[in-house]
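**Q** Okay, handing you the structure first.
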Amino acid sequence: MRLPTEFRQRQVALFEAEGAAWLQQLPHCIADIEQRWSVRIQPPFTNLSYNYVAPARLSDGTAVVFKAGFPRPELHREIEALRFYDGRGMVRLLRAETERGIMLLERLQPGTPLIPQALRDDEAATRQAAQVMQQLWRSAPTDHDFPTVADWGRGFVRLRAEFNGRTGPFPAKLVDTAEQLFADLLASSAPPVLLHGDLHHDNILQAARQPWLAIDPKGVIGEPAYEVGALLRNPSPHIFRESPASLRRLQARRLDILAEILDIERQRLWGWSLAQAVLSAWWSYEDGEPGWKPMLSLAAELRSGVVA
């Protein structure tokens, strides 16, 4: 099996020897699933990132999607979230082996991501995303393994620890503001729901069952206002090409639309978005990815440009 070099390198970089072993076993895994689940798995999609994702067909010809990843808690929680949503605003999970990180998913047709619409008409795309959010939010299950927004906020603790209490290459005032916003918003949060956790333009696809459906949920427990952060810092890399003035106008329009449709205080949406942008930059820094610098620039524009 020929896999993209970047995909192979990422698995080894993230999971070291175990990642290399998983790659070696992947062809055997696919053959096993084809036999036991009566499915024909085709060559993978070209944009593989952290997981192996490929179109497939059931024995009756139904188009589906096969997804497999190195078994890890994040992937296990994705499967748990898919089961919880059960197709409501979300791609439907058809079958899964959680411990092996394997799943069979509904194939969304035509499957076009929200990115092209955002580039043509950002306001319309923002409204579509808000409508998907509203479909997803439900009270969290009583028995679950999902992290909370507070858990994710511990990234600030790790950032400080990395730089002996300081902020290193991260602007101190920006980090201070993000930390304070995060703490204040967390303390005053509305009743929690299960959030997608990474609901941006690439994770909202055009479908036949409904106009737009979400994919790839991370699953995190928090108040609804927290959800908008990923949308405010995407689509990537297009959003990083905007001039500072254009970016501020774009973010301001998005916040206006989201506040109106979701009936959530605009200032609250802004605060979570800023705190998350700084956290996102830190997560990229932790993972050794180069995207942390442009993300910090975006956070700085959020801080200065769209609070009013």
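Bear in mind that the values in this text are calculations on the coordinates, not laboratory data. Note that this is a predicted model, so its numbers are computed, not measured. Cβ: placed from backbone, ideal geometry, glycine included. Neighbour counts: every protein chain shown.
**Q** Apply the Kirkwood formula to region 182-304: the hydrodynamic radius equals the inverse of the mean of 1/r over all pairs of different alpha-carbon atoms; give it in Å with one decimal.
**A** Hydrodynamic radius (Kirkwood, Cα only) of region 182-304 equals 15.1 Å.
**Q** Where in the chain are the helices, taken as whole DSSP H runs, whose Cα atoms extend 27 angstrom or more along the long axis and whose Kyte-Doolittle mean reaches at least -1.0?
**A** Qualifying helices: 5-37, 266-286.
**Q** On a straight-distance basis, which lysines could pair with K173 in a cross-link, Cα separation under 25 angstrom, same-chain partners fewer than 8 positions away excluded?
**A** Straight-line reach from K173, under 25 Å: K293.
**Q** Students often forget the sequence filter, so: which lysines lie under 25 Å Cα-Cα from K67 once same-chain residues fewer than 8 apart are removed?
**A** Partners within reach: K218.
**Q** In addition: Which value, in Å to one decimal place, does the Kirkwood hydrodynamic radius take for region 9-61 when every pair of different Cα atoms is included?
**A** Value: 12.2 Å, from the Cα pair sum.
**Q** Also: Can you sort T167, T62 so the residue with the fewest Cβ neighbours within 10 Å comes first? Don't skip to the end; give the middle numbers.
**A** Details: T167 19, T62 12.
Listed from fewest to most nearby Cβ atoms, that is T62, T167.
**Q** Name the long-range amide H neighbours of L94: under 5 Å, sequence gap of 5 or more, or other chain; modelled H, no Pro or chain starts.
**A** Residues meeting the amide H criterion: L104, L105, E106.
**Q** Beyond 23 Å, what share of the Cα-Cα pairs of region 5-106 remains, rounded to the nearest whole percent?
**A** In whole percent, the share of Cα-Cα pairs in region 5-106 beyond 23 Å is 24.
**Q** On to the next question. Considering the dipole of the chain built from charges on the beta carbon (Lys and Arg +1, Asp and Glu -1) around the Cα centre, which of F45, M133, G89 is farthest to its positive end?
**A** Going by the charge dipole, the pick is F45.
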